[in-house]
Amino acid sequence: LTSGATFTVAHLAARVGGEVVGDGTAAVRRVAPLEDAGPDAVSFFSNKKYRAAFEASRAAAVLVEPGEEVPAGRTVVRVANPYLAFAKISTLFHPPRPAAAGISPQAVVHPGAEVDATAEVMPLAYVGPGASVGPRTTLHPGAHVGAGARVGADCILYPNVTVRDGCVVGDRVILQPGCVLGSDGFGFAFDPEGEGRGPRHYKVPQVGNVIVEDDVEIGACTTVDRAALGSTVIGRGTKIDNLVQIAHNVQVGPLSIIVSQVGISGSTKVGMGVVLAGQVGITGHLTIGDGAKIAAQSGVLADVEAGAVMLGSPARPHADTLRIYASLARLPELVRKVRELERRLAELGEDS
Amino acid sequence: LTSGATFTVAHLAARVGGEVVGDGTAAVRRVAPLEDAGPDAVSFFSNKKYRAAFEASRAAAVLVEPGEEVPAGRTVVRVANPYLAFAKISTLFHPPRPAAAGISPQAVVHPGAEVDATAEVMPLAYVGPGASVGPRTTLHPGAHVGAGARVGADCILYPNVTVRDGCVVGDRVILQPGCVLGSDGFGFAFDPEGEGRGPRHYKVPQVGNVIVEDDVEIGACTTVDRAALGSTVIGRGTKIDNLVQIAHNVQVGPLSIIVSQVGISGSTKVGMGVVLAGQVGITGHLTIGDGAKIAAQSGVLADVEAGAVMLGSPARPHADTLRIYASLARLPELVRKVRELERRLAELGEDS
Amino acid sequence: LTSGATFTVAHLAARVGGEVVGDGTAAVRRVAPLEDAGPDAVSFFSNKKYRAAFEASRAAAVLVEPGEEVPAGRTVVRVANPYLAFAKISTLFHPPRPAAAGISPQAVVHPGAEVDATAEVMPLAYVGPGASVGPRTTLHPGAHVGAGARVGADCILYPNVTVRDGCVVGDRVILQPGCVLGSDGFGFAFDPEGEGRGPRHYKVPQVGNVIVEDDVEIGACTTVDRAALGSTVIGRGTKIDNLVQIAHNVQVGPLSIIVSQVGISGSTKVGMGVVLAGQVGITGHLTIGDGAKIAAQSGVLADVEAGAVMLGSPARPHADTLRIYASLARLPELVRKVRELERRLAELGEDS
């Protein structure tokens, strides 16, 4: 999985705009976590929880913030964002595997599909009629591009991904295994008569699609429903974790972060740069403003303003909920105190 | 995706038992949301949030409730249930794609399977020994019908659906991509000795199956476990959204609605016409009565009576939880007030 | 699905170290739940909720605890752990289906893969270059073993399972349909400049793997992300239910139980014999001690000590949260009482 390349610490520091403090000549062959890094590895330190590991690390160099306190004799690279710098250096050692151009004879590509000559269609992948697959895109085994769907350039569709008919995927999109784009939205109209056959939930045709813009990543077994009409949209550069549910007609803006097991109900609009932490639920037809942050397990029942930080189920401003949580710990005591107050007040009342 | 058909407003109104107010002669070629509808489209208005879009809409006609206030000069179709009427009209324009009879040479159908001559088995679909697939049913690529499983008539199994061995699927059932029927139930008996090899969780054989009755729809990446013994049952006409977990031996009655990311634990019985909103959790061995409604993110720890409306974790009657939520906002203030009361009472006590 | 075998009650009792009270000579052909068991079946009784069903059961024998009260004339097998004994007896009647050695001509096995001669590779399964599959392991249709991945002996990979490149699966591991091992961890570093192209979330290469130790079972559509560096580890004998999210670099100890829809964030360590109930969420970089139990829907934000029992979101010690829940029911009343106290105190103040 590694490129086999070797770089000096100084070279790597230059690559990320950092400053070497110590020995810049050491040869680095890999990146590693603090505790596993040997003298051939570069590591990073940004979470204060891992200070002891930092101090004990045998790494050739550690990426640290400009103001970080460093034990004497250690080589570090001071850089504004050590984690970002580490990511870039890691990419040097682990460049993405390029597509091996060609359609496997064990793949199934409909004669009416258009697959770029530089794309890789692996065995057991499927491309339907009228579908298109762009340059340097890789379809792993079990990946499915339905009829009329379009997948752009430099994408990776991992095993058992489903992109249903008519959906549109931009460039440099990564779809993790088992994720589903374009499943029918959950739309039913209750029909008490059922045209004489008794009550039923009448299926509302879900005839829109899903549009995934450029540079999006979508996690394993995440589901994005097609719109009833129009499009469900995942905006440019947004990253979605595993097992997330995006309902029909949801619009997610660019550069948002949606963590695992979040559920977003139908027609809700999520702005730009929003962060939805794990297991958050959002009801339908809401607007979540740009840059809003919703803490884990929160339940959002109303619009959220841009930049707001929300917590709790139901979600309230973060500070309000923290106060409630702190008070909750004292609630049983409060019940006793009020009982005592009533008793003493009754005595006072009798006395007076 | 459209039928290419054209209908007059009057024809469509008659189809759904509505009354035209305005021009019934306009030619309609499609359905559209209020904001996208041009003079060739019919739309509907039922969620009051979208009143402005209704008033600005250029639709040939809008489906509205009988008593709805309508701007002068607009054509509407008055009908008891505009959303249901819209769904029926949408189906006229978007009829389901019929199965293209035949087994693809790139599908795998065991010689011991029975596939109706009118069924469509697409490339890379699999039908195991002793399995059967009914008339006009479509198996998409990656769909799996395990050994001895039976799938009825007019079903759609979307890509990468798994119906494991021995499961039974009725007629007109729709299985969205990646959903799983018949995975093993989560049953283990703790074995402290492990027959001399130390503690282990001993696997309880899960030898029942899943029965899905007619007219059910099951969402993408939803999982329905097979029974330990007997059957896990999804009742007629029930609709299940994406990423839902139905544990072994659960019984869901007919016409229920189970929204995304709900989890139902083992052996629980869910009645008829129940609504479980998103991310609800229900513990095992409970009974949820007919027509009960459980609000989003609730956690149900006890039986729920028919018709009850529950909210919260732990779930309580909806009105009770709303009162608690309202009080919670005032809890930090309450803590301060009680402290103040104690202080003043102490002063009074000293005075008296 | 049954072995067709017949055993006497006495034989079965001996097999599980139990004591027959009543007729040990009856021939047993199957296991069944209490209400379905006829005179050819053995059943078990351990959940007190089902006492009526026990008393009405027609089973040849029922497995019960040593001290259980039994109606006159009934045959029972007294045994320390009736559920475990039942599971062992059920396995006698339902032995696991052995692998049918051989690679289907409709499977895709890379010439550079090593598949043991006794393994079964079913049609439409895929084994990539450098991957290995051990003795008596079964790969169902749609199962995917990526490049360089290793799967041990006696495993079952059900349909549409994905084991991505480089992951390692031990012996006797069961992977339910649609589960995913080795999807990329959710790691991005925010890059405000994007090297001149504007802000982006820079992908941190996820170049570690997943290690699943022996005797693990992983549920349908559960996702286990590969480590950023190093390994995400699922310990020996741990059992994971459906739709669970295990993030990158999580370490789960042996013999733990993780129920459906749990989410565990990155780098968290879960100890041995831990129980995480349904829909629990755990934030990243925490330590959950051996034997801890976390109740359903809890949200864990801090380390948990060994043996602790936690409840609530945020999670607190179980007893504390129960007290809070009990007090919550009285919170609206408390608000009124404090208002009344303030009023009466004000009156007293005026009087004095």
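A few points about this structure:
- Amide H contacts for residue A:63 (H built 1.01 Å from N in the peptide plane; partners 5 or more residues away or on another chain; cut-off under 5 Å): A:43, A:44, A:45, A:77.
- Look at the alpha carbon pairs under 8 Å that are at least 6 residues apart: their mean separation over the length of segment A:165-314 gives a relative contact order of 15 percent.
- A 1.4 Å probe run over the protein assembly as shown, with the rest of the protein chains in place, finds 37 Å² accessible per residue.
- What separates the residue A:333 label point from its copies, with the point 7 Å along Cα to Cβ, is 2.2, 2.2 nm, written shortest first.
- Residue among A:24, A:187, A:73 with the largest mean-square fluctuation in a Gaussian network model of chain A, springs linking Cα atoms under 10 Å: A:73
- The overall shape of segment B:133-237 is prolate: from the C-alpha gyration tensor, with semi-axes ordered a ≥ b ≥ c, the ratio a/c is 1.5 or greater and a/b exceeds b/c.
- Averaging the sequence gap over all C-alpha pairs within less than 8 Å and six or more residues apart, then dividing by the number of residues, gives segment C:47-204 a relative contact order of 11 percent.
- Charge tally around residue A:60: other residues with Cβ under 12 Å, Lys/Arg +1 each, Asp/Glu -1 each, net +2.
- Surface share of carbon and sulfur [accessible, 1.4 angstrom probe, percent] for segment C:271-312: 64 percent
- Contact residues in segment C:76-111 (at least 10 Å² less accessible area with all protein chains than alone, 1.4 Å probe): C:81, C:83, C:84, C:86, C:87, C:88, C:90, C:91, C:94, C:106, C:108.
- Accessible area that becomes buried as C packs against B, both chains, 1.4 Å probe, Å², nearest 100: 5100 Å²
- Three-way shape label, the protein assembly as shown, alpha-carbon gyration tensor, a/c 1.5: rounded
- For segment A:93-104, 3J(HN,Hα) per residue [Karplus equation, 6.51 cos²θ - 1.76 cosθ + 1.60, θ = phi - 60°, Hz, x = Gly/Pro]: 7, 10, x, x, 5, x, 5, 9, 3, x, 9, 4
- Normalised contact order of chain A, rounded percent, pairs of Cα under 8 Å and 6 or more residues apart: 6 percent
- Potential lengthening between residue B:40 and residue B:68 on full extension [0.36 nm per residue; Cα-Cα distance subtracted]: 7.8 nm
- The 1.4 Å probe gives accessible areas that order C:58, A:29, C:30, largest first, as C:58, A:29, C:30.
- In chain B, helices alone account for a calculated mean residue ellipticity at 222 nm of -5000 deg cm²/dmol, with every DSSP H run of four or more residues adding -39,500 (n - 2.57).
- With Cα atoms as the point set, segment C:1-146 shows a radius of gyration and Dmax of 21.4, 66 Å.
- Shown for residue C:23: label points 7 Å from Cα along the beta-carbon vector, and their distances to the equivalent points in the other copies, 8.5, 8.5 nm in ascending order.
- Span from the segment B:231-278 Cα centroid across to the segment B:108-141 one, whole angstrom: 27 Å
- At least 30 Å² accessible surface lost relative to isolated chain, residues of segment B:200-219 (1.4 Å probe): B:201, B:202, B:203, B:204, B:205, B:207, B:217
- Protein accessible area in segment B:78-155, 1.4 Å probe - carbon and sulfur %: 59 percent
- Label geometry 7 Å along the beta-carbon vector: residue B:96 inter-copy distances in nm: 3.8, 3.8
- Shape category assigned to chain A from the gyration tensor of Cα positions, a/c cut at 1.5: oblate
- Charges were assigned to the Cβ only: +1 to each Lys and Arg, -1 to each Asp and Glu. The resulting dipole of segment B:278-352 about its Cα centre is roughly 260 debye.
- For segment A:94-144, the fraction of alpha-carbon pairs in successive 5 Å shells from zero, as %: 6, 25, 32, 26, 6, 4, 1, 0
- Cα-centre dipole for segment C:2-147 with unit charges at Cβ (Lys and Arg positive, Asp and Glu negative), debye to 20: 120 debye
- 3J(HN,Hα) couplings calculated from phi for segment B:164-178 with the Karplus curve 6.51 cos²θ - 1.76 cosθ + 1.60 (θ = phi - 60°) are, in sequence order, 6, 3, x, 7, 10, 10, x, 9, 6, 8, 10, 10, 6, x, x Hz; Gly and Pro show x.
- Within chain A, DSSP assigns beta bridges of which about 15% are antiparallel (rounded to the nearest 5).
- For segment B:295-352, applying the loop criterion from DSSP together with a ceiling of 15 other beta carbons within 10 Å to the GluC sites (Glu not before Pro) yields B:305.
- Gained length - residue B:306 relative to residue B:346, 0.36 nm times residue gap less alpha-carbon distance: 9.4 nm
- In this Cβ point-charge picture (+1 for Lys and Arg, -1 for Asp and Glu), the protein assembly as shown has a dipole of about 100 debye about its Cα centre.
- Evaluated at q = 0.09, 0.16 Å⁻¹, a Debye calculation over the C-alpha positions of segment B:71-173 (equal weights, vacuum) places log10 I(q)/I(0) at -0.31, -0.65.
- For segment B:333-342, Karplus couplings with θ = phi - 60° (6.51, -1.76, 1.60), whole Hz, Gly/Pro x: 4, 4, 4, 5, 4, 5, 4, 4, 4, 4
- Taking all protein chains as they are arranged and a probe of 1.4 Å, the heavy atoms of residue A:345 leave approximately 10 Å² accessible to solvent.
The values are calculated or read from the model by the stated rules, or taken from the named source; none is laboratory data. All of these numbers come straight from a predicted model, not from anything done at the bench. Because the Cβ atoms are built from the backbone with ideal geometry, glycine has one as well, and the counts that use them run over all protein chains shown. Calculation scope for accessible area: heavy atoms of the full protein, side chains included, ligands and nucleic acids excluded. Shrake-Rupley method; radii C 1.70, N 1.55, O 1.52, S 1.80 Å.
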